[in-house]
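Right, one structure below, let's go through it.
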């Protein structure tokens, strides 16, 4: 059963209430103790841009499911840069795309879980009026989000999480993705094959970093994407140690 099947019969306001209840739980200092790298979402420190296809091909139900996914994926993470004396946080940006792309949130807009919940649900509340969906535009917009965001140095791995409903080769998105990956950006893709394109998932595999592409029909996409994010953090940590101390 897909995640959205659990939510489609629920009132959207109830969903928001439940998510906010989770995100505003009190945390003691012990909950922020150092944990093994790559195992705990509350200790995640990345710069992430979620890129969402909001064309008519996505459909309102899958778009709503994507909003729930994004808020739950990062529901345990420290968001923003305003937490005193805590550099280990995640910045989250948001891009939507159809025939064009829109930057809904730069890297410094979300400073709390509440910011994420309200703004993500607001930005993904309905699909656009066009069926045109150019993935390349979404990737370029994500690249611009990283370029415009204040730098936190090389210790923060950059990640794009792409939610796509269809694939168009216009503007050569695979070449754009290759450029981003060559620059050190990890790309995670999740596909809703709403046009039943036989080549759709393979195209998303080509867009994604190795072993970082999934279909929406898998039982637990949240677990997959969280693990992929944690893997990114661990790999960046390992590379940083290698640069500082040499190979182990």
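All of the numbers you see were taken from the coordinates with simple rules; none came from a lab. These figures come from a predicted structure and were not determined experimentally. Please note: Cβ atoms are built from the backbone with ideal geometry, for glycine as well, and neighbour counts cover all protein chains shown.
If you take every DSSP beta bridge fully contained in region 47-245, what fraction is antiparallel? Give it as a percent rounded to 5. Counting DSSP beta bridges with both partners in region 47-245, the antiparallel share is about 15 percent. Taking other C-beta atoms within 10 angstrom as a stand-in for reagent exposure, 61, 76 fall in the order 61, 76, fewest first.
Considering Cα pairs under 8 angstrom that are at least six residues apart, work out the relative contact order of region 54-132 and quote it in whole percent.
45 percent
The ranking of 44, 124 from fewest to most other beta carbons within 10 Å of each one's beta carbon is 44, 124. Among 217, 225, a tally of other beta-carbon atoms within 10 Å of each Cβ gives an order, fewest to most, of 217, 225.
Placing a label point 7 Å from the Cα of residue 129 along the Cα-to-Cβ line, the residues of region 38-72 whose backbone N sits under 18 Å from it are 54-60.
Extension gain, residue 144 to residue 115, is 8.3 nm, computed as 0.36 nm per intervening residue step minus the present C-alpha separation. Placing a pseudo-label 7 Å from each Cα along the Cα-to-Cβ vector at residue 218 and residue 83 gives an inter-label distance of 2.6 nm. Cα centroids of region 215-235 and region 86-130: 19 Å apart. Annotation: region 47-245 has a Kirkwood hydrodynamic radius of 16.8 angstrom, from the mean reciprocal C-alpha pair distance. Label zone of residue 197 (point 7 Å out along Cα→Cβ, amide N under 14 Å): in region 75-106 this covers 98-99.
Structural descriptor for region 47-245: relative contact order 23 percent, calculated from alpha carbon pairs under 8 angstrom and at least 6 residues apart.
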